[in-house]
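Written below as C-alpha cells is the structure these notes are about.
Computed from the coordinates by the stated procedures, all read-outs in this text should not be read as laboratory data. Everything numeric in this text was worked out from a predicted model, so none of it was measured. Glycine also receives a Cβ, built like all others from the backbone with ideal geometry; neighbour counts cover every protein chain displayed.
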Amino acid sequence: MEFAEKNKLVRLKLPVPKSFANGKAVGDGPFVWEEKPDCEVSFQKWLGLQKKNGQIFAIANDGTYAGKVENGYLYLTLLRGSGYCFHPIGPRRLYPHDRYLPRIDCGRYTYNFRICKGSVYEVNAIAEAFNQLPYAVNVFPTGGESGEKIANAPRISVEGEMQLSTVKSREDGSAVLRVYNPARGAVAFKVNIGNACVEQTAGAGEVVSLVYEKGVFSVYHDEMSV
C-alpha cells in the first residue's frame, strides 16, 4: 500500500459471519488473550469475535497492533510509524534522535493477514505459525559438514492442546522449553524429547517451563526465570 495522506489513517474493514455478529470482541497479547472493550484497542497477533460456544472468528496479522470491533465488522488500523519499536542493529542508527518527523506514517507498506476460525487454541496456533518467518539455512550448521549432531539430535514433540513457544539449547547439552495453555480450563499434556517424556497439567492461561538435562525433566509452573 502506498500511503501519502496527511493527518489521516487507513483501516482494513472486514465483515464477520452472521453467526459471530453478536459475539464478544477478543484479542491476544504475550501469553494472554482477553475480552476487549467496544473501542480502539491494542493486541498482538489477532483480533476477533467469540461466540458463546467458545468458537472464535479472527484475523491474524504480522505487524498491525490496533483495531476495533464495531457493527459486525473487524477493523485493523494500518499504521506503522512507531520508531520506538525499532530493533537495534549493532551501532547502526535507524532513527534520527535530533529531529521531529511529522509524516513518518507516509510511505509504502506491505501488510499480510490471515482469516481464521476455531477454538482459542486453534486461532492462537494459526496466528503463531503465521508470524514465524522461515529460518535462513546456515551453510555449516551445528555439527560441521558431517551433520552428525543434527542427525543424532533427539526429536521434540508436544502432545495436547498446548503451544510450544520456546526451545533453547544450552552448551552443556541441556535444553529449556516453555509451553503455553491458552484455554480457560486445565489441559493435560506430554512433552517428549527422544525417549524421555514428562506428563503434566497446565492451568488456565498458564505458562509451564521445563528444563531437560541428561534425560530428566525439571518442571516449573508459571516460573519464567529459568
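Here are some notes:
- Span from the the stretch 159-226 Cα centroid across to the the stretch 1-73 one, whole angstrom: 30
- Added length on full extension, which subtracts the Cα-Cα distance from 0.36 nm per residue, residue 108 to residue 39: 22.1 nm
- Taken about its Cα centre, the stretch 2-131 carries a charge dipole of about 280 debye when Lys and Arg each add +1 at the Cβ and Asp and Glu each add -1 at the Cβ.
- Extending 7 Å from Cα along the Cβ direction at residue 201 and again at residue 221 yields two label points whose distance is 0.9 nm.
- Eligible lysines near residue 214 by straight Cα distance, threshold 21 Å, same-chain separation 8 or greater: 149, 168, 190
- Counting other Cβ atoms within 10 Å as a rough exposure proxy, the listed residues 197, 39, 116, 106 run 39, 197, 106, 116 from fewest neighbours to most.
- Cross-link pairs 52/117; 13/51; 6/45; 45/68 - those with Cα-Cα distance over 22 Å: 6/45
- Peptide packing: for 25-32, 41-48, 59-66, the average count of neighbouring Cβ atoms within 10 Å per residue gives the ranking 41-48, 59-66, 25-32, highest mean first.
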